[in-house]
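What follows is calculated from the coordinates using simple rules that are stated; it is not laboratory data. Quick caveat: nothing in here was measured; it's all calculated off a predicted structure. Because the Cβ atoms are built from the backbone with ideal geometry, glycine has one as well, and the counts that use them run over all protein chains shown.
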Amino acid sequence: MAGFPLLSVIIFLPVAGIPLLLLLKDDEAVRWAALAILVIDFLLATWLVLAFDPVTPVMQFQERTVWVAALGISYAVGVDGISVLFVFLTALLGWICVLASWKAIDVNVKTFMINLLVMQTFMLGVFCALDLFLFYVFWEAMLIPMYVIIGVWGGDNRIYAAIKFFLYTLAGSLLFLVGIVVLYFVSGRTFDILALMEAEIPFSIQTWVFLAFLVAFAVKVPMVPVHTWLPDAHVQAPTAGSIILAGVLLKMGAYGFLRFSLPMLPDASQYFAPLVIALSAIAIVYGGFLALAQDDLKKLIAYSSVSHMGFVTLGLFTFNTNGLNGAVLQMFNHGIVTGALFLFVGIIYERTHTRQIADYGGLMKIVPIYTLLLGFFSLASMAVPGTNGFIGELLVLSGAFAWGKATGAVAIAGAMLSAAYMLRLIRRVSLGPTAFGNPEPLWDLDRREMVAILPLAIFVIWIGFYPMPFLNILDPSLNHLLMQVVGR
Amino acid sequence: MDQQAIIRSIIISTPEIIVIFGACVVLFAGLMRSKQLLNILTGLSLIFVALAAGATSGLAGPPLLAYGGTFVVDGLALFFKAIFFLATALTLLISRRYVVEENIAEGEYYALILFALAGMMIMASGRDLLVIYMGLELQALAFYVLVGYQRRDAKSTEAALKYVILGAVSSGIFLYGLSLVYGLAGTTDLMGIAASLSAEEQPGPALILAILFLITGLLFKLGAVPFHMWVPDVYEGAPTPITAYLSVASKAAAFAIVLRIFLESVIQVENIWIDAVIIIAVLTMAVGSFVALVQTNIKRMLAYSSIAHAGFALLGVVAGGQDGVSSVMLYLLIYTFMNVGMFAVIIMMRNGAVRGDEIDDYTGLATSHPVWALLTLIFLFSLAGIPPTAGFFAKFYILVALIDQGYVALAVIAVLMNAVAAYFYIRIVMVMYMKAPSRHFDLALTPMLRVSLIVAVTGTVAIGIVPGWFLDQAQNAAFGTQQASIIGLLR
């Protein structure tokens, strides 16, 4: 067991599978092959979680090889309690994306699946990287497949959305790059993330680097006011693209805060915490109101993401155990629930080819199972007790109140807003008179769709009723992180 | 100079002699009547380039001085010569089909390419301003003719005329600066100039003027703003392989002398020129990036892109030091791979009636030719500086050198310009991948073009993924020169 490069295998298995796809001629075979590769990857990730020792904050499964000796760059990967969860989430959503694209993608299937596999490798790499340069390479390289996925297989306005996504993210990332290089020199020429966490960095430099990082992560999260690429990208992207965006990409911004801003720039993080919290509070309320006003299913969910990610960044910068735990759990939850919601939109869109909420109504009578599960995930999204959202949001709220009463109050208002727009969505889509005539070719969930949805549903209930396994994995790492931020 | 020294000098300059001899052989071979003439000319030229490369690699090691110290083979020269050989070989390969299409298949074409190579090699090895100037003029004269080779094409003729006039002006300015330096220092030897400059307490107005003239002359050759006017017209009008050659090799040669003159010799009076170079670098990046946004012709767009890249590479000159020098060198090597690759793509599109140099000509290429579209995508993302391609590492290393010297604000400006520049590269990706094809593609893919595309893409990807070895080469080369020159000689 020792010496087996499990993480590298998990990261590079999807890319290694590309030659197999190239050999296949038949679209159906390509789909199956991509599914098989990603399922194997998911099983490996599951193994990783099971083999992970949750009592220590130390990076586990570490691998280190010198990459560019002259600049002190190494290929270093490893996972702690935080990243292991996101490796798992990414691997889980990976094969679900293949299932979601089974019928929706019918042109250039092979190219699409190759993009999906490349994307998967880069995303997994981001969560495993222990070297800043390596992290940046994965982080930035993701733009290429994502740009292509949105731009080639997206909706009518896909080109605009793809370019907007690309340029927003790139502009933010490049400042991040400058910040990285500054950190490199300040800390004595190292890109090693663990060493950088220990480095003492002067406050004046911390503030500048923090701001550079803030721009990059804020674009990715996205935080108000740099969130405007998200609705466009979400609406235009194919279902799999939306799932990846909501489920994994948005988490990376928050993960960046967790992995870099907080532990490496603790003083600046505290100094700028009011700013970040204010932006988060604005995102929660503003995103909520925007979601309330949407007529397009995907846009509604996109804006709800802005609001929900506001909870995450809020929790991160409260600097208390509850806030942090809640934020990270909420990141995981949001990936599950929003991923599922986009899947649902994709499923119904395949049948009706409309995303306008006004075109729907009374789905309950036509596709009861679909409606039931949609309702279930909507409840999770509005954090009803018994679902995963409740646990995460409750923790964030308690953290927010500990930080300041006003902050808590704003967060509560946001939580109420989420109930308003999700319930409104359910009422307009599922209830009321049916908008479709009798011979309408609507069919309920088929087996493929059920297989894609069920694991997500399991996590909703599992975390909702018994979140301890998840919190236990997170706890040592987050405590360690808290020590790094507040402890010195 | 005794006989032994002369023989030694000849041995040290063997590569240059081989190339010039080769040029003459090719010139005569062009008179042959043979159906295989083009293959013979290409093959002969490639053989001479390979021989010269072999001879050059034989000279690797500690710096060697020849011709009374006016000619040097050191790390810097070796590295730049490697770039020239690579660029020349790729240019020869991508020319094969194009010269037939454009009806310019003649022995002189190949001979001139080799003469230009010889000129650039002399530039890289010159350690005396006059030797450098001689190399500069040799390559410039060869390029003047090559740019105007399509003599029945109005654009090509116009480009050649512009290039000759502006090139002559810039050479004149450079020469004037050179003469002023000679007047002040009493020598044209770079080491001698360095020694006499370091003796000066306060730079007088004549020295400032001399340095500014030298800078101006060189920046003309680099196509830096505000001396960039000739670049788009010349790039658009010249035969495409020549544009590729010009954009990588000629630019690299100009950078070679910039590095040698500025970082080895007049670094003593850095305070005179450093601010000017900073301002020019920023302007160059800005003009290149913003003006490229509105271009519809891909060769013009790449011209502005090359202006922007020159601005970025100038930042390495600003940074200076070992990292600064080696970052510029690595940048130029990587730029050679990705830019020649992109030009090879343009040549691939040139077939019969299709000129293939409008961006719209690429509409929907990915649908029918996924492999070649993917290659183009890699070149474009590399030019845009997105990892894991080599273009990213090139820019990254420049940023490292720059921030090491404390130029953080400059680094921020550079990356923001880069974000602007990314738009016009991904726009071509967009056109290729995201629009339905409007025509049937008939690509002019010859075996030689395939080889050059594969070489270019291999370099672009390999340096991106394993940059370590190439970085070491660049650093050793840069370190070698410093050891050999000022630091070693002055102390």
In straight Cα distance, which lysines are under 23 Å from A:Lys251, not counting same-chain residues fewer than 8 positions off? A:Lys164, A:Lys220, A:Lys298, A:Lys299
Over the range B:160-224, volume per residue of the alpha carbon convex hull, in Å³: 85
Reduced to Cα centres, the span from the range B:366-434 to the range A:309-365 in Å works out to 33
Cα long-axis angle, helix B:370-384 against chain B (0 to 90 degrees, to the nearest 10): 30
As straight-line cross-link partners of B:Lys81, the qualifying lysines (C-alpha separation under 21 Å, not fewer than 8 residues apart within one chain) are B:Lys221, B:Lys251
Grab the beta carbon distance between B:Arg450 and B:Leu31, set R0 = 41 Å, and tell me the FRET efficiency rounded to 0.05. 0.85
Å³ per residue enclosed by the Cα convex hull of the range A:265-488: 111
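Can you give the mean number of other chain Cβ atoms that lie within 10 Å of the Cβ atoms in peptide A:174-185? The partial results should precede the final answer.
Values: counts 12, 5, 1, 10, 12, 3, 4, 11, 4, 1, 3, 6.
Mean inter-chain Cβ contacts per residue within 10 Å come to 6.
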To one decimal place, what orientation-averaged projected area in nm² is obtained for the convex hull of the Cα set of the protein assembly as shown? 41.6
Cross-link reach list, lysines versus A:Lys110, counting only Cα pairs under 17 Å and skipping chain neighbours closer than eight places: A:Lys25
Fewest to most Cβ atoms within 10 Å: B:Leu410, A:Leu124 sort as B:Leu410, A:Leu124
Extension gain, B:Leu293 back to B:Ile274 (0.36 nm per residue minus Cα-Cα distance, nm): 3.9 nm
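Arranged by the count of other C-beta atoms within 10 angstrom, fewest first, what order do A:Arg158, B:Arg355, A:Arg428, B:Arg151 take? Write down the numbers at each step before the final one.
Details: A:Arg158 23, B:Arg355 15, A:Arg428 18, B:Arg151 11.
Ranking A:Arg158, B:Arg355, A:Arg428, B:Arg151 by Cβ neighbours within 10 Å, fewest first, gives B:Arg151, B:Arg355, A:Arg428, A:Arg158.
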Given a Förster distance of 30 angstrom, what is the FRET efficiency for B:Ser438 paired with B:Lys155, based on the Cβ-Cβ distance and rounded to 0.05? 0.75
How much length, in nm to one decimal, is gained on full extension between A:Asp156 and A:Leu23, taken as 0.36 nm per residue of separation minus their Cα-Cα distance? 44.7 nm
Quick one: pull the percentage of alpha-carbon pairs in the range B:3-488 with a separation above 45 Å. 7
Let me spell out the model: positive unit charges on the Cβ of Lys and Arg, negative unit charges on the Cβ of Asp and Glu, origin at the Cα centre of chain A. What dipole size does that give, in debye rounded to 20? 620
What distance in nm lies between label points placed 7 Å from Cα along the C-beta direction at B:Ile47 and A:Arg427? 8.7
Any chance you could give the angle, 0 to 90 degrees and rounded to 10, that helix A:321-352 forms with the longest Cα principal axis of chain A? 30
What do the square roots of 5 times the Cα gyration tensor eigenvalues come to for chain A, in whole Å, largest first, as semi-axes of the equivalent ellipsoid? 34, 27, 20
Extension reserve of the A:Val49-A:Arg351 stretch, reckoned as 0.36 nm per residue once the Cα distance is removed: 105.0 nm
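Ratio of alpha-carbon Rg to the 2.2 N^0.38 Å globular estimate for the range A:179-285, to two decimals, please. Intermediate values should be presented prior to the final figure.
Working: Rg = 15.3 Å, N = 107, 2.2 N^0.38 = 13.0 Å.
Cα Rg divided by the expected 2.2 N^0.38 Å: 1.18.
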Most exposed first by the Cβ proxy, i.e. fewest other Cβ within 10 Å, how do B:Ile261, A:Ile301 rank? B:Ile261, A:Ile301
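So if we plug the beta-carbon distance of A:Asp295 and A:Trp462 into 1/(1 + (r/R0)^6) with R0 = 45 Å, what FRET efficiency do we get, rounded to 0.05?
So, using R0 = 45 Å, E works out to roughly 0.85.
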Values of log10 I(q)/I(0), in the order q = 0.09, 0.20 Å⁻¹, for the range A:54-201 under a Debye, Cα-only, solvent-free model: -0.36, -1.25
